[in-house]
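Report on the structure given below.
The values are calculated or read from the model by the stated rules, or taken from the named source; none is laboratory data. Model, not experiment: these values are computed from the prediction. Ideal geometry is used to build each Cβ from the backbone, glycine not excepted, and the neighbour counts take in all protein chains shown.
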Amino acid sequence: MKTTLLATALSALFIAPTVSAIEIYKDDKNAVEIGGFVDARIINTQGETEVVNGASRINFGFDRQLTHGWNAFTKLEWGVNPVGNSDIVYNNRFESVQDEFFYNRLGYVGLEHDDYGTLTIGKQWGAWYDVVYNTNYGFVWDGNAAGVYTYNKDDGAVNGVGRGDKTVQYRNAFGDFSFAVQTQLKNSSFYTCDTSEEISQADCESLFQNGEKAAQQVDFNYTYGGSVTYSATDMLTFTAGINRGEFDVQFGNGEQTTAIDLIYGAGVTWGNFDNDGLYAAANYNKQENHDTDNIGRLIKDAYGVESLLSYKFENGLRPLISYNILNAGSNYVIQPNFNADPNDVFKRQFVVMGLHYVWDANTVLYVEGRKDFSDFTSADQEQEARMSLSEEDGIAIGIRYTL
């Protein structure tokens, strides 16, 4: 029982959703596997239709049996762009510029033991993701209300809630409980300026060095987090967790202040998304200084809700519906910069409906549509339009081929 639960806890290290891998080598000590998927889709949104990449990735896992019941392992994962992305630019002549084919998603190494748990170091899924990942099974529109993909829908690397950079993590399981604790050991420093104009880091730093209060040096270093999972039955699971960091701000005139980056919440799940039958999941979070709005302003405080309901039939059809809301209300902007309207409203709210055809466990055809109900009211109409641009309605069809 303990070994099974520990394996369940470890699975969060490889959280997909839908994890699959092929063993390509194995002897009495070493094993190597390859995994990932290619996802390509046709999407219509923001008045355009195009072929896009659906977060395709490839990964390699290595495992080595050691003495006294210990294993060493490592995982390396890269995002790939199989559909290409070339742009035409003009700089005295026409040129074609392509985005990189590979980019880093995960990379960590660890030790694990059935009794003593697992220790991992590197870029890996954060403990907070254990709390909320069970609503993140939509293929096209990720859940952007659970506080995972922070800083305008990035990968959560900075504050360790998504694919956290420079993370040390420990996991173990006892009875029906499993848990994870982690810290990020990093040093980040940057400069900000209270201005609505475009300004470089170098110019902002110069203002700071000249003693201007409107310029600040911000240090965002270590973060800490933890989660606990309770498997009440084979079908019912409860999760809870927290993640915390600090912004240490020094103004050009010598004043100092600290802002806490905090998120905490809980989730509940019924069933297994890949199995036949009913699947339902929901989570709730409260957050402070944790994420940004769609034009990069730090959100003072907000709450988020994500939910997902699906049913997989024996013939492979799987309809699903998801509802998400991240609500910061009005007067949510911390700094007086960007000439912010004190009554700006930020409420990201949308519904996703979809139909998957699971041809087999590793081949899925799908159609998904999003209906947006967000509210980004602002007295600045240009700013309101910029806020709304990435939140429009859309529809997509695609295929996901998993290794």
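For (1) in contact with an Asp or Glu (Cβ under 7 Å, 6 or more places away or on another chain); (2) surrounded by fewer than 20 Cβ atoms within 10 Å (Cβ to Cβ), each residue gets a yes or a no:
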{"site": "Lys312", "(1), (2)": "yes, no"}
{"site": "Leu317", "(1), (2)": "no, yes"}
{"site": "Asn343", "(1), (2)": "no, yes"}
{"site": "His356", "(1), (2)": "no, no"}
{"site": "Ala361", "(1), (2)": "no, yes"}
{"site": "Val364", "(1), (2)": "no, no"}
{"site": "Ala385", "(1), (2)": "no, yes"}
{"site": "Ala396", "(1), (2)": "yes, no"}
Next on the checklist: Looking only at the range 141-181, count every residue that is assigned to a loop (DSSP other than H, G, I, E, B), closer than 28 Å to Ile321 by Cβ and among the β-branched types (Val, Ile, Thr) and tell me the total.
Outcome noted: 2
Item to check | Some residue of the range 333-341 being part of a strand (DSSP E or B) and modelled with pLDDT of 95 or more | outcome: no
Item to check | Answer residue from the range 199-228, given it is in contact with a Gly (Cβ under 9 Å, 6 or more places away or on another chain) and of a type in the set (S, T, N, Q) and is surrounded by the fewest Cβ atoms within 10 Å (Cβ to Cβ) among those | outcome: Asn210
Checklist outcome for this item: Log entry, pairs with first residue in the range 384-403 being free of Cβ contacts under 8 Å to residues at least 40 places away in the same chain, second being buried (at least 16 other Cβ atoms within 10 Å of the Cβ) and charged (D, E, K, R), beta carbons closer than 7 Å, six or more apart or on different chains, reads none
Item to check | Top-ranked residue in the range 67-80 [being of a type in the set (Gly, Ala, Ser) and in a strand (DSSP E or B); ranked as surrounded by the most Cβ atoms within 10 Å (Cβ to Cβ)] | outcome: Gly79
Checklist outcome for this item: Within the range 110-140, of all residues that are assigned to a loop (DSSP other than H, G, I, E, B) and touching a Ser or Thr at 6+ places or on another chain (Cβ under 8 Å), the one farthest from Gln182 (Cα to Cα) is Gly138
Checklist entry - If only one of Lys153, Lys186 is at pLDDT below 95 and in contact with a Lys or Arg (Cβ under 6 Å, 6 or more places away or on another chain), which one is it? => result Lys186
Item to check | Of the criteria (1) closer than 25 Å to Val32 by Cα; (2) of a type outside the set (Lys, Arg); (3) touching a strand residue (DSSP E or B) at 6+ places or on another chain (Cβ under 7 Å), which one Trp128 fails | outcome: (1)
Checklist entry - Do we have any residue at all in the range 373-395 that's at pLDDT below 90, of a type outside the set (Gly, Ala, Ser), within 20 Å of Val52 (Cα to Cα) and in contact with a strand residue (DSSP E or B) (Cβ under 7 Å, 6 or more places away or on another chain)? => result yes
Item to check | Pair list, Cβ < 6 Å and 6+ apart or interchain, from the range 211-240 residues that are without any contact (Cβ under 8 Å) to a residue 60 or more places away in the chain and within 17 Å of Leu262 (Cβ to Cβ) to residues that are assigned to a strand (DSSP E or B) and aromatic (Phe, Trp, Tyr) | outcome: Val218/Phe190; Val218/Phe247
Next on the checklist: Here is a list: Phe273, Phe247. Which entry is of a type in the set (A, V, I, L, M, F, W, C) and part of a loop (DSSP other than H, G, I, E, B)?
Outcome noted: Phe273
Checklist entry - Could we say that Thr18 is among the hydroxyl-bearing types (Ser, Thr, Tyr), modelled with pLDDT of 50 or more, outside any strand (DSSP E or B) and over 23 Å from Gln182 (Cβ atoms) here? => result yes
Item to check | Any chance Phe350 is surrounded by fewer than 16 Cβ atoms within 10 Å (Cβ to Cβ), under 27 Å from Val132 (Cβ atoms) and at pLDDT 95 or above | outcome: no
Item to check | Out of Val83, Val89, sole residue that is among the aliphatic types (A, V, I, L, M), at pLDDT below 90 and surrounded by 14 or more Cβ atoms within 10 Å (Cβ to Cβ) | outcome: Val83
Item to check | Flag for Arg64 being out of contact with any Gly (no Cβ under 9 Å at 6 or more places or on another chain) and either more than 24 Å from Asn104 (Cβ to Cβ) or part of a strand (DSSP E or B) (or both) | outcome: yes
Checklist entry - For the range 348-365, does any single residue satisfy the condition of being out of contact with any Lys or Arg (no Cβ under 8 Å at 6 or more places or on another chain) and within 22 Å of Gly265 (Cα to Cα)? => result yes
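Okay, residues lined up against (1) in contact (Cβ under 8 Å) with a residue 40 or more places away in the chain; (2) buried (at least 16 other Cβ atoms within 10 Å of the Cβ); (3) assigned to a strand (DSSP E or B); (4) on the phi < 0 side of the Ramachandran plot:
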residue: Asn253; (1), (2), (3), (4): yes, no, no, yes
residue: Ala259; (1), (2), (3), (4): yes, yes, yes, yes
residue: Ala266; (1), (2), (3), (4): yes, yes, yes, yes
residue: His290; (1), (2), (3), (4): yes, yes, no, yes
residue: Glu306; (1), (2), (3), (4): yes, yes, yes, yes
